[in-house]
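*Asks:* Got a structure for you, written out below as structure tokens; questions coming shortly.
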Amino acid sequence: MMCLPLPSRHIYEAINPGKFDNVRHYELQGVFGGENMLYEMINISRDRKFSNAKNVQYWLKGKSRLDHFWSHCITGLKTTKTPFVFFGDIPQHENGRIKPKDLLIFRFSNKAEKVYIDAYSDYYTDKKEILGKLISRLF
């Protein structure tokens with residue numbers, strides 16, 4: 001039996017919900033079970049098909065409270081079989097290539113007022129069976 005890693009859970013709450021049609025802004029409320037691997041503020045926007053990425057529904061950007069501008073896209077949020085749950089990664093640059101380094105699993109509340117992001121440091125998979133096991137921990 002495989003031992004699955006434990007994540008650090010990031011909890012974000014929406015700022016000005018409903019203000020923008022295609023993007024939501026969130027502020028970090030807390031990190032549990034590990035270190036903060038993400039930004040103090042994030043924005044999640046609908047995919048507008050500017051990229052050739054497959055299976056991406058949304059894009060994640062971040063910034064600190066002191067920054068004026070959002071970062072470049074950190075990751076695309078890819079669909080899973082579970083409603084309101086997506087996965088992505090924090091990439092690393094290695095030998096001129098971009099490779100997934102840290103797995104991110106996103107769970108949105110029903111009306112997306114909150115988003116819970118489980119971040120797995122130095123662990124990545126896109127295998128459906130393993131993702132399913134990690135997602136089952138969210139509930």
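The numbers here are math on the coordinates, done by the rules we state, and not lab data. It should be emphasised that the depicted structure is a prediction, and the values quoted were computed from it without experimental measurement. No Cβ is skipped: glycine too gets one built from the backbone with ideal geometry, and neighbour counts run over all protein chains shown.
*Asks:* Only sites in a loop by DSSP and with at most 12 other Cβ atoms within 10 Å count here; which trypsin sites (Lys or Arg not before Pro) in the range 30-85 make the cut?
*Replies:* Loop-located and lightly packed - ARG48, LYS49, LYS54, ARG65, LYS81.
*Asks:* Just to be sure I understand: with springs between alpha-carbon atoms less than 10 Å apart, which residue in GLY88, GLY33, GLY62 has the highest mean-square fluctuation in the Gaussian network model of the chain?
*Replies:* GLY33
*Asks:* Here's another thing I want to ask about it. Over the range 8-133, what relative contact order in percent results from Cα pairs under 8 Å that are six or more residues apart?
*Replies:* The normalised contact order for the range 8-133 reaches 20 percent.
*Asks:* I've got another one for you. Straight-line reach only, C-alpha to C-alpha below 17 angstrom: list the lysines that LYS49 could link to, leaving out same-chain residues fewer than 8 apart.
*Replies:* Partners found: LYS61, LYS78.
*Asks:* Also: Which of the chymotrypsin sites (Phe, Trp or Tyr not before Pro) found in the range 12-83 are in a DSSP loop and have at most 12 neighbouring Cβ atoms, other than their own, within 10 Å?
*Replies:* Counting only loop positions with at most 12 other Cβ atoms within 10 Å, the chymotrypsin sites (Phe, Trp or Tyr not before Pro) in the range 12-83 are PHE20, PHE50, PHE69.
*Asks:* So what's the net charge close to LEU131: Lys and Arg +1, Asp and Glu -1, counting the other residues with Cβ under 13 Å from its Cβ?
*Replies:* +3
*Asks:* Also: Name the most mobile residue of SER45, SER121, SER109, meaning the one with the largest mean-square fluctuation, in a Gaussian network model of the chain with Cα contacts below 10 Å.
*Replies:* SER109
*Asks:* Two decimals, Cα atoms only, Kirkwood Rh: what is Rg/Rh over the chain?
*Replies:* 0.94
*Asks:* Just ALA14, ALA112, ALA53 to compare: in a GNM of the chain, with alpha carbon springs under 10 Å, which one fluctuates most?
*Replies:* Fluctuation is largest for ALA53.
*Asks:* Scan the range 1-42 for trypsin sites (Lys or Arg not before Pro) in coil per DSSP, keeping those whose Cβ has at most 13 other Cβ atoms within 10 Å, and list them by number.
*Replies:* Here the trypsin sites (Lys or Arg not before Pro) that fit, given the DSSP loop and packing criteria, are LYS19.
*Asks:* Sticking with this one: Treating only the Cβ atoms of Lys and Arg (+1) and Asp and Glu (-1) as charged, compute the dipole magnitude of the chain about its Cα centre; round to the nearest 20 debye.
*Replies:* The calculated dipole for the chain is roughly 520 debye.
*Asks:* Taking 7 Å along the Cα-to-C-beta vector as the label spot, tell me the LEU6-VAL23 distance in nanometres, rounded to one decimal.
*Replies:* Label-label distance for LEU6 and VAL23, simple model: 3.6 nm.
*Asks:* Could you work out [θ]222 nm for the chain from helices alone, using -39500 (n - 2.57) per DSSP H run of at least four and dividing by all its residues? Round to the nearest 500 deg cm²/dmol.
*Replies:* One gets -2000 deg cm²/dmol as the mean residue ellipticity at 222 nm.
*Asks:* Tell me, how many Å apart are the Cα centres for the range 18-50 and for the range 89-139?
*Replies:* Between the Cα centre of the range 18-50 and that of the range 89-139, the gap is 14 Å.
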